[in-house]
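The values are calculated or read from the model by the stated rules, or taken from the named source; none is laboratory data. These figures come from a predicted structure and were not determined experimentally. Quick reminder, even Gly has a Cβ in these numbers, built from the backbone with ideal geometry, and neighbours come from all protein chains shown. Note: accessible area is taken over every heavy atom of the protein model, side chains too, but ligands, DNA and RNA are not part of it. Shrake-Rupley method; radii C 1.70, N 1.55, O 1.52, S 1.80 Å.
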Amino acid sequence: MDTAELQRTLNESIQANVVHHGYTTYMRDYEVVINVWKGPHNPSTYLRYLFRYFVEARCETFLSTGTWRKSLDDRLLDSETAIGLDGYVWGAHHHELYGAELRLKSEAALRWAKTVGIDFHEVHIEANAHDLTLLFSDLEVSEMPVGYAPFLAE
């Protein structure tokens, strides 16, 4: 996939929530599943971004240290038990997607491309609780059924 097409694909979803990210069950590729909201009169769509030939992931918190300090209570892991507590509610089961940026001059992607012999890309995905940086060679996007459970797929 060329970089222009890749950037267009990453920019398509505006109002979306990340509902899952992690390695596929066969552990070579990485997936990011998002729920795209198309307005009150349309059903949500679940899209699976499959980052193929995946070689590196970096997941960092986007939350401040103060928010983390207030968010250690395990009751925040469930939205029902988190009612009235001060802190980040982990049990929301999604992260708001702020955007995805293709990093065109990535030294790591160039190093992998030179070593393996195929193109590699670096993308930065920003959500309200996590920043993801992924190194991969190809991207496939497909619509998933409601209730898709990545750990049961493949």
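When a 1.4 Å probe is rolled over the protein heavy atoms, the share of accessible surface on the chain that falls to carbon and sulfur comes to 53 percent. 3J(HN,Hα) along segment 119-132, derived from phi through the Karplus expression 6.51 cos²θ - 1.76 cosθ + 1.60 where θ = phi - 60°, amounts to 5, 10, 9, 10, 10, 10, 10, 10, 10, 6, 10, 9, 10, 10 Hz, with x in place of Gly and Pro.
In this structure segment 74-126 gives 68 Å² per residue of accessible area when probed at 1.4 Å with all protein chains present.
The gain in end-to-end length when the Arg69 to Thr25 segment is fully stretched comes to 12.6 nm, 0.36 nm per residue minus the alpha carbon separation. For a modelled paramagnetic label at Thr9, 7 Å from Cα along Cα-to-Cβ, the residues of segment 102-126 in reach, with backbone nitrogen under 15 Å, are 102-103, 119-124. Build a GNM of the chain with springs between Cα atoms under 10 Å apart, and of Ser64, Ser106, Ser137 the one that fluctuates most is Ser64. Among Arg48, Arg103, Arg111, the residue with the largest mean-square fluctuation in a Gaussian network model of the chain, with springs joining Cα atoms closer than 10 Å, is Arg111. Springs join every pair of Cα atoms under 10 Å in this Gaussian network model of the chain, and among Ala127, Ala82, Ala109 the largest mean-square fluctuation is at Ala82. Between Ser142 and Glu56, residue separation times 0.36 nm minus the direct Cα-Cα distance comes to 28.8 nm. Computed from backbone phi with θ = phi - 60° and the Karplus coefficients 6.51, -1.76 and 1.60, the 3J(HN,Hα) list for segment 32-49 is 10, 9, 10, 9, 9, 9, 10, x, x, 9, 10, x, 5, 10, 9, 10, 9, 9 Hz; x is used for glycine and proline. Plugging the Kirkwood radius over Cα pairs into Stokes-Einstein for the chain, at a temperature of 37 °C and a viscosity of 0.692 mPa s, what D comes out in µm²/s? Translational D for this selection: 195 µm²/s. Gain on full extension, evaluated as 0.36 nm per residue between Leu85 and Ala113 minus their Cα-Cα distance, stands at 5.3 nm.
The largest-to-smallest principal axis extents of the Cα set in segment 50-111 are 48, 25, 19 Å. Taking every alpha-carbon pair under 8 Å whose residues sit at least 6 apart, segment 73-137 reaches a relative contact order of 26 percent.
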